[in-house]
1. How do 125-137, 35-47, 150-162 rank on mean C-beta neighbours within 10 Å, highest first?
2. State to the nearest 20 debye the size of the charge dipole of segment 20-170 about its Cα centre, where the only charges are +1 on K and R beta carbons and -1 on D and E beta carbons.
Amino acid sequence: MLLLASTGGTACAKRVGPAACETPPPFQVVLDVSAQVNPDPRGRSLPTVVQILQLQDSVKLDRAGFRDLWSSPQEFLGKDLLQTAEFTVAPGQKFQRWIQRDPKARFVLAMGHFRQPLGYSWRAIAKLDPVPEVFCSERPAGEQDAPRPGDLQLRYRLQGYQLDILRRHAVLTPPAPKRSS
């Protein structure tokens, strides 16, 4: 909600509502890779590089092609690009990784570096919801195991020359209240 106040010809705007989480927990990326992925001319599956980009805004993606985003994402996206993570996955692999969430991130773009990128099937965009205050706690991504209450999991499937988002899943059970001694 936006409130406007006016005093003697001057106006100011103030956003009312929950404050942005300055220390969001990491999110988990799960890549389910088909045995038949990124085939070479003889039909043999090849390892595939996947990039996960955290973005402040997604407007520039409307006019972005594969080469724009893959070869020079910082140049093309500018200040909207907050973080990039890159992984190489093998055919048939199930890959899981925790990624530290940038407090300003509102979108996650997953891209596969395929030999023959077709249309927009080489990428998938997920909108990130604000982190509720009860789940707002800084945790290093490298120290994660199973998802905790409030954690976000983004699951993708790589098959052929295509990357699809299968499911956006958030564990929504609030943490148990702390007991006093």
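What follows draws every value from the coordinates through simple rules; no lab data is involved. Computed from a predicted model, the values in this text were never measured in an experiment. Using ideal geometry, Cβ is built from the backbone for each residue, glycine included, and neighbour counts are taken over all protein chains shown.
1. Output ranking for 125-137, 35-47, 150-162: 150-162, 125-137, 35-47.
2. 520 debye
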